[in-house]
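Quick one: structure below, then a few questions.
The values are calculated or read from the model by the stated rules, or taken from the named source; none is laboratory data. Everything quoted here is computed from the prediction, not taken from an experiment. Using ideal geometry, Cβ is built from the backbone for each residue, glycine included, and neighbour counts are taken over all protein chains shown.
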Amino acid sequence: MFGIDDWHRRITGHCGLVLLFLSAPPADAHPHSWIDVRVEVMLDSNGAISGLELYWLFDEWYTVYIAEEFTESALAPTEYLNSLARQNLANLAEYDYFTKVMINGDPVGIKDVTTFDTGLSDERLWLTFDVLLDRPVDPQAQTVSYKVYDPTYYIEILHIEENPVTFSGAGAHDCAAEVVDANPGFEAVALASALDITQTGGDHLGELFAQTVKVSCR
Amino acid sequence: MLLALSRIQMFVLACTLLGAAALLLQLDELGTLWSRTIEFAIAMQRHLQLDLAEAMHAIRAGTATALGSLIGLGFLYGVFHAVGPGHGKFVITTYLATHESRLVYGIALSFLASLLQGITAIILVGSVAWTIGRATREIHQAAILLEIASYGLVVLLGLYLIWGSARRLYLRTTSHGSGAKEHGYHRHADSGCCHAHGPSADDLAAEPSVREFVMTLLSVGLRPCSGSILVLIVAAGTGHALAGMATVAAISIGTGITVSGLAVLANRARRMAVFLAAQFGSEGSKIAGLFDAAALLGGILILLSGVTLIKAAQAIAQHPLF
């Protein structure tokens with residue numbers, strides 16, 4: 001027979017389902033653009049994580065989107081791409097560059113990005129930049145993980161399948177990363193949509209569908 | 001005849017109850033299935049969108065078969081794009097599930113709304129391209145304005161439905177006992193026909209008015225389909241406007257098929273609820289009151305969704321990368 005807890009969970013589940021069908025889905029609750037991401041975890045001389053170097057490969061649609069802008073502008077290609085990257089990164093600062101690094105589950109502060117590069121490869125726009133942590137984190141003493149996602153889920157950001165995460169710096173060989181796909185439990189999704197009616201406008205939807213990367217060093 | 005009919009009804013009722021019980025026990029699994037379906041739809045959409053981009057490149061390169069594959073991909077994109085959660089489906093299915101209407105009405109509404117989304121996209125991109133050139137940022141901002149206008153209409157529709165159902169509920173309460181019962185539910189009292197085994201037509205709200213139809217249609221269709229906008233921008237940029245419009249038509253038809261499928265489900269679910277209410281209810285006016293309450297709830301949900309959607313659209317209007 002079921003225990004009280006089972007029934008409790010079951011009833012919560014049912015309420016979740018009801019809420020799910022009754023609640024309004026956030027606007028365009030599905031991505032409209034995609035970014036492929038590759039990450040290099042940077043280790044300092046002590047083997048502590050100092051930051052992440054992100055490589056974003058935008059999809060062809062976003063590339064077309066910005067390319068149309070470019071044809072209208074009077075700037076030279078590299079100049080235009082650089083100004084676009086600077087603009088985009090300035091806008092992204094408020095959103096922590098869509099990057100969330102966690103120690104034992106708690107988010108770590110992120111510094112403003114100063115180093116970046118951008119260009120086109122195979123008709124796709126790419127952008128690479130360094131996200132530095134407020135303070136270095138020892139991956140041996142603590143559980144470190146990160147997520148890269150657009151909170152509105154307007155853009156879906158997924159890791160490149162081949163060699164998604166690499167390491168550089170002291171002790172890089174002793175480190176490994178595991179990309180865990182999102183498993184948005186339907187109760188979580190239901191709850192999120194239900195909350196949206198009275199609270200935020202779907203600002204956390206992206207996190208439910210985000211990949212989590214677990215970093216570990218020996 | 002009567003006996004046979006009621007036996008069939010009993011059978012259907014028993015099946016429904018059994019089905020509902022089974023469903024309740026399986027809900028957790030169903031939930032997983034639901035998330036899987038959404039995930040699958042999102043993944044499919046991603047592939048199709050990238051395939052569409054490739055097909056656009058092929059069009060640009062002048063490949064002979066490109067138009068065919070572009071239209072085919074557009075159709076599939078429409079079908080899958082509409083599976084994920086979105087405002088059009090929500091408004092249409094909530095409306096149909098909580099308001100009395102014929103099946104054909106729901107299907108027409110779904111298709112016309114989907115076509116209108118494509119037409120809005122064509123007019124939007126066409127007019128911006130014609131006046132200020134292919135300025136993608138302006139098109140994006142204009143699309144968001146249209147989105148917000150469309151969600152404003154969702155709010156209005158919700159208010160209108162709330163007003164209508166609240167008024168009906170109020171009238172029913174005040175006129176209770178003074179003739180309202182005469183329209184009551186005629187259980188097995190009719191001459192052996194099968195149409196009256198539920199609240200009579202007078203008890204339920206009348207067929208939707210033209211005003212409701214137009215408001216629902218516009219609140220869904222005014223918002224241009226974003227996939228279509230992308231296709232059109234690229235098509236216009238490469239001098240293949242006609243190919244772009246054909247693809248948009250295919251996307252609209254695909255979307256229409258999915259949404260009308262959901263509309264049929266909503267309509268059937270409502271029929272089933274009316275049928276079940278008739279099996280248990282004893283008084284037509286009470287049942288009708290219950291359905292008015294459902295209509296009121298539907299109006300409230302549509303209103304709330306409109307408010308949420310406006311907030312979310314504002315968030316996207318400030319998206320850091322667009």
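Would you pick out the residues in the range A:46-73 that are in contact with a Phe, Trp or Tyr (Cβ under 9 Å, 6 or more places away or on another chain), part of a loop (DSSP other than H, G, I, E, B) and more than 9 Å from chain B (Cβ to nearest Cβ)?
A:73
Now for a different question. So residue B:314 fits all but one of (1) touching a helix residue (DSSP H, G or I) at 6+ places or on another chain (Cβ under 6 Å); (2) within 12 Å of chain A (Cβ to nearest Cβ); (3) among the polar types (S, T, N, Q); (4) surrounded by fewer than 21 Cβ atoms within 10 Å (Cβ to Cβ); what number is the exception?
Failing condition for residue B:314: (1).
Identify all residues within the range B:148-168 that are more than 30 Å from residue B:318 (Cβ to Cβ) and within 16 Å of the chain's Cα centre (by Cα); write none if there are none.
The one that is more than 30 Å from residue B:318 (Cβ to Cβ) and within 16 Å of the chain's Cα centre (by Cα): B:161.
Do we find a residue being in contact with a Ser or Thr (Cβ under 6 Å, 6 or more places away or on another chain) and either modelled with pLDDT of 90 or more or more than 22 Å from residue B:308 (Cα to Cα) (or both) anywhere in the range A:181-190?
no
Out of everything in the range B:56-79 that is more than 17 Å from residue B:229 (Cα to Cα), free of Cβ contacts under 8 Å to residues at least 40 places away in the same chain and within 14 Å of chain A (Cβ to nearest Cβ), what residue ends up being surrounded by the fewest Cβ atoms within 10 Å (Cβ to Cβ)?
B:61
If you go through the range B:209-231 one residue at a time, how many are closer than 30 Å to residue B:157 by Cα, part of a helix (DSSP H, G or I) and within 12 Å of chain A (Cβ to nearest Cβ)?
5
Restricting the first residue to the range B:297-319 and requiring it to be over 16 Å from residue A:95 (Cα atoms), which pairs with a second residue that is in a helix (DSSP H, G or I) and of a type in the set (D, E, K, R) meet a Cβ separation below 7 Å and a spacing of at least six or different chains?
B:308/A:196; B:313/B:147
Any residue at all in the range A:141-148 that is among the basic types (Lys, Arg), at pLDDT 95 or above and under 27 Å from residue A:61 (Cβ atoms)?
There is at least one residue in the range A:141-148 that is among the basic types (Lys, Arg), at pLDDT 95 or above and under 27 Å from residue A:61 (Cβ atoms).
Restricting the search to the range A:132-158, which residues are more than 14 Å from chain B (Cβ to nearest Cβ) and part of a strand (DSSP E or B)?
Step one: list which residues in the range A:132-158 are more than 14 Å from chain B (Cβ to nearest Cβ), which gives A:132-147.
Within the range A:132-158, A:132, A:133, A:134, A:135, A:136, A:137, A:144, A:145, A:146, A:147 meet the criteria.
Would you confirm whether or not the range A:65-72 contains a residue that is surrounded by 22 or more Cβ atoms within 10 Å (Cβ to Cβ), at pLDDT below 80 and either in contact with a helix residue (DSSP H, G or I) (Cβ under 7 Å, 6 or more places away or on another chain) or among the polar types (S, T, N, Q) (or both)?
Yes.
Of these, B:131, B:120, B:98, which one is within 21 Å of residue B:81 (Cα to Cα) and either of a type outside the set (A, V, I, L, M, F, W, C) or buried (at least 18 other Cβ atoms within 10 Å of the Cβ) (or both)?
The unique qualifying residue is B:120.
While we're here: Tell me, which residue of the range B:279-293 that is within 24 Å of the chain's Cα centre (by Cα) and surrounded by fewer than 19 Cβ atoms within 10 Å (Cβ to Cβ) is modelled with the lowest pLDDT?
If we take residues in the range B:279-293 being within 24 Å of the chain's Cα centre (by Cα) and surrounded by fewer than 19 Cβ atoms within 10 Å (Cβ to Cβ), then B:290 is modelled with the lowest pLDDT.
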